[in-house]
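Beneath this line is the structure, given in structure tokens, with notes to follow.
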Amino acid sequence: MPARPILRIGHPCLLQTALPVAEFNTPALDALVTDMRDTMAAADGAGLAATQIGVLQRVVVFGFENNSRYPERDPVEFTVLVNPEIQPLGDETGSDWEGCLSVPEMRGWVPRYQHIVYRGFDPQGQPIERNVEGFHARLVQHEVDHLDGILYPQRIEDMTKFGFEKELFEDPLKETPAEGSC
Ligand code: NI
């Protein structure tokens, strides 16, 4: 299946709350997951939510070995997560630069819970439960936010740390701050 167009910030679908998947192990769910996987791969994304291709169902995909958008991050096992739920473990938060395929060429400094447990199902209905931290935890919080109509700019507390990658960073791959003269 070809990659589908990714909706960009401003599109009203991205503000909608997605509905739980009622039936597992169906051709329709398998087709959706295939499209999401292909779309994420074509865009070299680290994750994708169904809402980003205009499907209001609670399905996210994420994971990468090496990702050019996040070269310094540890790999995350490729996962399809249906009807996900997140439980923070403790109050500890941390901030890091975050991007989104629906907010192209931009980055923001976003606080997230450091440790979480996430639960959900694979497309066959088998339960998944993982205790994760750091970038893996960030990625899942970002994707599940999409299912509730939340984009990462809404999570930024210091709006001076939001902008175009090419303006923010001297070297976008290393996230070294730009000196810049003006
Ligand atoms: Ni995103």
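Across region 48-57, which residue is farthest from the ligand (Cβ to nearest atom) among those that are within 14 Å of Cys100 (Cβ to Cβ) and open to solvent by less than 10 Å² (accessible area, probe 1.4 Å)? This residue is Thr51. Checking each residue of region 88-111 against the condition of being among the acidic types (Asp, Glu), farther than 30 Å from Ala31 by Cα and within 16 Å of the ligand (Cβ to nearest atom) gives at least one match. Taking the criterion of being within 18 Å of Phe64 (Cβ to Cβ) and near the ligand (Cβ under 10 Å from one of its atoms), the residues of region 135-156 that qualify are Leu139, His142, Glu143, His146, Tyr152. Residues of region 18-50 that are β-branched (Val, Ile, Thr) and in a helix (DSSP H, G or I): Val33, Thr34, Thr39.
In region 53-70, the residues that are closer than 26 Å to Pro20 by Cβ form Cβ pairs under 6 Å with partners that are among the small types (Gly, Ala, Ser) and open to solvent by less than 20 Å² (accessible area, probe 1.4 Å), at six or more places apart or across chains, as follows: Leu56/Ala18; Gln57/Ala18; Gln57/Ala50; Arg58/Ala18; Val59/Ala50; Val60/Ala49; Phe62/Gly47.
Quick check on region 62-79: of everything there that is within 16 Å of the ligand (Cβ to nearest atom) and part of a strand (DSSP E or B), which residue is surrounded by the fewest Cβ atoms within 10 Å (Cβ to Cβ)? Checked region 62-79; the qualifying residue surrounded by the fewest Cβ atoms within 10 Å (Cβ to Cβ) is Gly63. Residues of region 99-138 that are within 21 Å of Leu56 (Cβ to Cβ) and outside any strand (DSSP E or B): Cys100, Leu101, Ser102, Val103, Asp122, Pro123, Gly125.
The values are calculated or read from the model by the stated rules, or taken from the named source; none is laboratory data. These numbers come from a predicted model, not from an experiment. Here Cβ is always computed from backbone atoms with ideal geometry, including for glycine, and neighbour counts include all displayed protein chains. Accessible surface is based on the protein model in full, side chains and every heavy atom, while ligands, DNA and RNA are left aside. Shrake-Rupley method; radii C 1.70, N 1.55, O 1.52, S 1.80 Å.
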